[in-house]
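The values are calculated or read from the model by the stated rules, or taken from the named source; none is laboratory data. Treat the numbers as computed from the prediction; the structure is a model and nothing was measured. Every residue, glycine as well, gets a Cβ built from its backbone with ideal geometry; the counts of neighbours run over all protein chains shown.
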Amino acid sequence: MPNTETVRRQRAIGGAMGVAVLGFALFYHFFPQALHVDPGQQAARTPSRSQPGTMGFDQRPQAAPQAVASEVDAGPPLVLAPASVIAARRREKTTEVQLPPQATPDSPELTALLDRADKALAADRLVGGKDSAATLYGSVLKEKADSQRALAGMDEIRARLAAEIEQDIALGDADAARDSLAALKGLPNSAKDVQPLQQQLAVLDKVRPLLTTAASQLQAGRANAPRGDSALDTYHQVLQLDPQNAVAVQGISQVQHVVLDRALAAVAQNDFAGADNALAEAATIEPGSQALQDTRGRIEGMRRQSGAGVLAQARSALDGGNIELAQQLATKAQAISPDLAGIDDFNERVTNAKLYASYKPGQVFADRFVDSTGQAPAMVVVPTGKFMMGSPDGEAGHDGNEAPSHEVEMGKGFAMARSAITIGQFRDFVRASGYVPQSQSMGSSVYDEQSGGLRDDSSATWQDDYAGKAGQDRLPVVNLSWNDAKAYADWLSQRTGKTYRLPSEAEFEYALRAGTTSRYWWGDGPPSSKVENLTGGNDRSGSGRRWSNAFNGYKDGYWGPAPVMSFATNPFGLYDMGGNVSEWVADCWHDNYIRAPRTGEAWVNPGCGRRVIRGGSWGSAPEQVRSAYRQGASADLRSARVGFRVAREL
């Protein structure tokens, strides 16, 4: 029968694969709090001299009973704890066997032997020599078979040997387990402990070669592949034979670590697809492991960091005007980190850069002159979209020149002046350019209060209001020809370096409707609030005149043009689109929309002499204020009802 020292030496050189597991177990044993274990949850046992605990199972001073309790309650894996701890736990979980009553006290000679046996047990000299605890307790029992101290000591020896055997089996040290099992067989009353240990040892003999194979597969780089010939497959075979095999359990965790390391290595190479694949593989190994969660967190942080770096490059490209590169980089950043902060805002910037030259729909801006002080009129960015241009046959006031109704796509962003050009703005142009408007040489038309209509006046110019009196700067400029309006737009282009022009007819109707499909942008009938300067049934001229054809019940307070932006904007943020003054647009006049463009471009024929006027005015009948209403006029027409506004390409 081998002594305890021999067994210890065999255990030290055996079970190499279990070292890592044993290290974890010892850490768990001595530092249970780090693993959220509360050793104080169970009451500590305080053995007396008459109990097995008096035999020196733990030789630590004074605090030993509490320490033993801490070890007992430390938690799994119990099989890897010290043998004395395992034995104590077993006593906690099993009904304590009542020893037969002792007829007479131990004699002094036997007490001396028992003291020596206790010391041998405390020193872990369990079996193997004349000074071993088993030999000394056996000598006492030969003399006194009912000695409770000797019987308890032999029970403790059997328990410790069984615990050591279980440890050896757990660590894969079959040789040490056999030696200890032979020692256990030599003890009296050991049959009930020997049988299950023999069965476990038989399982170990089956799994040992498998564990060796798994270790070789790990070392050869076959952690989880190829399928059927990997360490993972072999460890699963072990667990089918021995579900509680600690080495196999730890081996599977090690396989997962190998796969997780592969994921981290892929991220380091910016191979995020490879990292995702590795994480998916790791999740099939131990789905809820802390290592998997931690690695996912690390990789997600690395993804966000990498994605943010690529997105910063995309911003630089966009700021530099390279929209295509910016979009490519943004796509790459989103592929790296789908939930990357700021990606949605950046994609919107790219869209705006494509459609609106980095402006946003509805944004108001004004270009400064590049060669002097001053700036262009305030412009509103009009959103892209589609609309039905013209009027359907059933609309009240429908005219054949508004047909056929057709879909027009505004696929390119543009900006339109918030209001009609004012007298003050046009005056700046005349002063700076020396341009001579046609009204200064050819006269204009003015409103005649006596007749209630317009009449020619050779002395009226663009500087006058609708009645021929000196106009205020904030009034819309009228009595300008189409050529005068174009000349102003061309001058703005020169002063700002941007492309200004008259809006196309399609752009004007699209901006006037502002997403609506009704007769007017505010609805199908008279407005319920002050929306435009219109012919209202309740408006009166200075002499008390009324409109013969007006919006019933409406009153805006003006007879003639109002200062620009005196009323509400339409849904696109534009003022006076349906009233105040009608406006020149870029298109030549066509009697209908047959063969009209389906885009926002102007429909122009070279050398045409008639142009299109859109929008209602302060003196227009309700049918002439409809969103679809259009009229043609000679390009040199000058009227107190007609002004213009400009558009700007983006």
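Quick one: how many residues across region 378-429 are closer than 21 Å to Lys486 by Cα and polar (S, T, N, Q)?
Counting residues in region 378-429 that are closer than 21 Å to Lys486 by Cα and polar (S, T, N, Q) gives 3.
Looking at Gly615, Gly609 in this structure, which one is over 50 Å from the mean Cα position of the chain (by Cα) and not hydrophobic (A, V, I, L, M, F, W, C)?
Details: Gly615 fails: over 50 Å from the mean Cα position of the chain (by Cα).
Matching residue, one of Gly615, Gly609: Gly609.
For region 168-262, please list each of the helices (runs of 4 or more DSSP H) lying entirely inside it that holds at least 3 residues being out of contact with any helix residue (DSSP H, G or I) (no Cβ under 8 Å at 6 or more places or on another chain). Quick ask: steps written out before the conclusion?
Numbers: elements: 174-185, 191-219, 231-241.
Correct list: 191-219.
Are any residues in region 411-431 part of a strand (DSSP E or B) and polar (S, T, N, Q), and if so, which ones? Full working, then the answer.
The first filter runs over region 411-431 and keeps only residues part of a strand (DSSP E or B), leaving 414-417, 422.
Scanning region 411-431 gives a single hit, Thr422.
Taking Ala511 and the conditions (1) touching a Leu at 6+ places or on another chain (Cβ under 7 Å); (2) surrounded by fewer than 16 Cβ atoms within 10 Å (Cβ to Cβ), which numbered condition does it fall short on, given that it satisfies the others?
Status for Ala511: all satisfied but (2).
Check off (1) over 21 Å from Val564 (Cβ atoms); (2) touching a helix residue (DSSP H, G or I) at 6+ places or on another chain (Cβ under 6 Å); (3) in a loop (DSSP other than H, G, I, E, B) for Val408 and give me the number that stays unchecked.
For Val408, the failing item is (3).
Would you pick out the residues in region 271-286 that are exposed (fewer than 14 other Cβ atoms within 10 Å of the Cβ) and modelled with pLDDT under 95?
Scanning region 271-286 gives a single hit, Ala273.
Go through the residues of region 148-171 one by one and say whether even a single one is more than 18 Å from Ala88 (Cβ to Cβ) and over 60 Å from the mean Cα position of the chain (by Cα).
yes
Which of (1) exposed (fewer than 15 other Cβ atoms within 10 Å of the Cβ); (2) more than 30 Å from Lys469 (Cα to Cα) does Pro383 not meet, given it meets every other one?
Exception for Pro383: condition (1).
Given the conditions (1) closer than 30 Å to Asp524 by Cβ; (2) surrounded by 15 or more Cβ atoms within 10 Å (Cβ to Cβ), which single one is not true for Ile343?
Here Ile343 meets the rest and fails (1).
I'd like the full set of residues that are of a type outside the set (Asp, Glu) and at positive phi, limited to region 123-157.
Filtering region 123-157 for residues of a type outside the set (Asp, Glu) gives 123, 125-130, 132-142, 144-145, 147-154, 157.
Answer for region 123-157, where residues must be of a type outside the set (Asp, Glu) and at positive phi: just Gly128.
Collect the residues in region 418-460 that are of a type in the set (Ser, Thr, Tyr) and surrounded by 15 or more Cβ atoms within 10 Å (Cβ to Cβ), keeping them in residue-number order. It would help to see each step written out before you state the result.
First, pick out the residues of region 418-460 that are of a type in the set (Ser, Thr, Tyr): 419, 422, 433, 435, 439, 441, 444-445, 447, 451, 458-459.
Scanning region 418-460 gives Ser419, Thr422, Tyr435, Ser439, Ser444, Ser445, Tyr447.
For region 414-467, which residues satisfy the criterion of being of a type in the set (Gly, Ala, Ser), modelled with pLDDT of 95 or more and under 22 Å from Val564 (Cα atoms)? Can you show your working first?
Step one: list which residues in region 414-467 are of a type in the set (Gly, Ala, Ser), which gives 415, 417, 419-420, 424, 432-434, 439, 441, 443-445, 451-453, 458-460, 467.
Remaining after also requiring modelled with pLDDT of 95 or more: 415, 417, 419-420, 424, 432-434, 467.
The answer is Ala415, Ala417, Ser419, Ala420, Gly424, Ala467.
Among the listed residues Leu161, Leu121, Leu110, Leu151, identify the single one that is farther than 25 Å from Pro196 by Cβ and either outside the structural domain of Ala246 (by TED's automatic domain parsing) or not in a helix (DSSP H, G or I) (or both).
Values: Leu161 fails: farther than 25 Å from Pro196 by Cβ; Leu121 fails: farther than 25 Å from Pro196 by Cβ; Leu151 fails: farther than 25 Å from Pro196 by Cβ.
Criteria check complete, one pass: Leu110.
For region 526-545, enumerate the residues that are at pLDDT 95 or above, within 27 Å of Ile423 (Cα to Cα) and either not polar (S, T, N, Q) or not assigned by TED's automatic domain parsing to the domain that holds Leu454 (or both).
Correct list: Lys530, Val531, Glu532, Leu534, Gly536, Asp539, Arg540, Arg545.
What are the pairs with Cβ atoms under 7 angstrom where one residue, in region 576-597, is assigned by TED's automatic domain parsing to the domain that holds Ala628 and over 16 Å from Ala511 (Cβ atoms) and the other, located anywhere, is polar (S, T, N, Q) and in a loop (DSSP other than H, G, I, E, B)? Sequence gap at least six, or different chains.
Within 7 Å, the pairs are Cys588/Asn605.
Would you mind finding the one in Gly607, Gly553, Gly560, Gly573 that is modelled with pLDDT under 95, on the phi > 0 side of the Ramachandran plot and either surrounded by 24 or more Cβ atoms within 10 Å (Cβ to Cβ) or not in a strand (DSSP E or B) (or both)?
Working: Gly553 fails: modelled with pLDDT under 95; Gly560 fails: modelled with pLDDT under 95; Gly573 fails: modelled with pLDDT under 95.
That would be Gly607, the only listed residue that is modelled with pLDDT under 95, on the phi > 0 side of the Ramachandran plot and either surrounded by 24 or more Cβ atoms within 10 Å (Cβ to Cβ) or not in a strand (DSSP E or B) (or both).
Hey, among Asn224, Asn277, Asn245, which residue is of a type outside the set (A, V, I, L, M), in contact (Cβ under 8 Å) with a residue 60 or more places away in the chain, closer than 30 Å to Arg303 by Cβ and outside the structural domain of Ile336 (by TED's automatic domain parsing)? Show your work before the answer.
On the way: Asn277 fails: in contact (Cβ under 8 Å) with a residue 60 or more places away in the chain; Asn245 fails: closer than 30 Å to Arg303 by Cβ.
Selected residue: Asn224, the only one of Asn224, Asn277, Asn245 that is of a type outside the set (A, V, I, L, M), in contact (Cβ under 8 Å) with a residue 60 or more places away in the chain, closer than 30 Å to Arg303 by Cβ and outside the structural domain of Ile336 (by TED's automatic domain parsing).
Looking at region 612-649, which of the residues that are charged (D, E, K, R) and in a strand (DSSP E or B) is nearest to His398 (Cα to Cα)? Explain how you work it out, then say what you get.
The initial filter retains those residues of region 612-649 that are charged (D, E, K, R), namely 614, 623, 626, 630, 636, 638, 641, 645, 648-649.
Then drop every residue that is not in a strand (DSSP E or B), which leaves 614, 630, 648-649.
Numbers: Arg614: 15, Arg630: 11, Arg648: 31, Glu649: 32 Å.
Per the stated criteria, the residue is Arg630.
Every residue, every condition in (1) under 59 Å from the mean Cα position of the chain (by Cα); (2) free of Cβ contacts under 8 Å to residues at least 24 places away in the same chain; (3) under 30 Å from Pro597 (Cβ atoms), yes or no:
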{"site": "Val380", "(1), (2), (3)": "yes, no, yes"}
{"site": "Gly385", "(1), (2), (3)": "yes, no, yes"}
{"site": "Ser391", "(1), (2), (3)": "yes, no, yes"}
{"site": "His406", "(1), (2), (3)": "yes, no, yes"}
{"site": "Glu409", "(1), (2), (3)": "yes, no, yes"}
{"site": "Phe414", "(1), (2), (3)": "yes, no, yes"}
{"site": "Gly424", "(1), (2), (3)": "yes, no, no"}
{"site": "Thr461", "(1), (2), (3)": "no, no, no"}
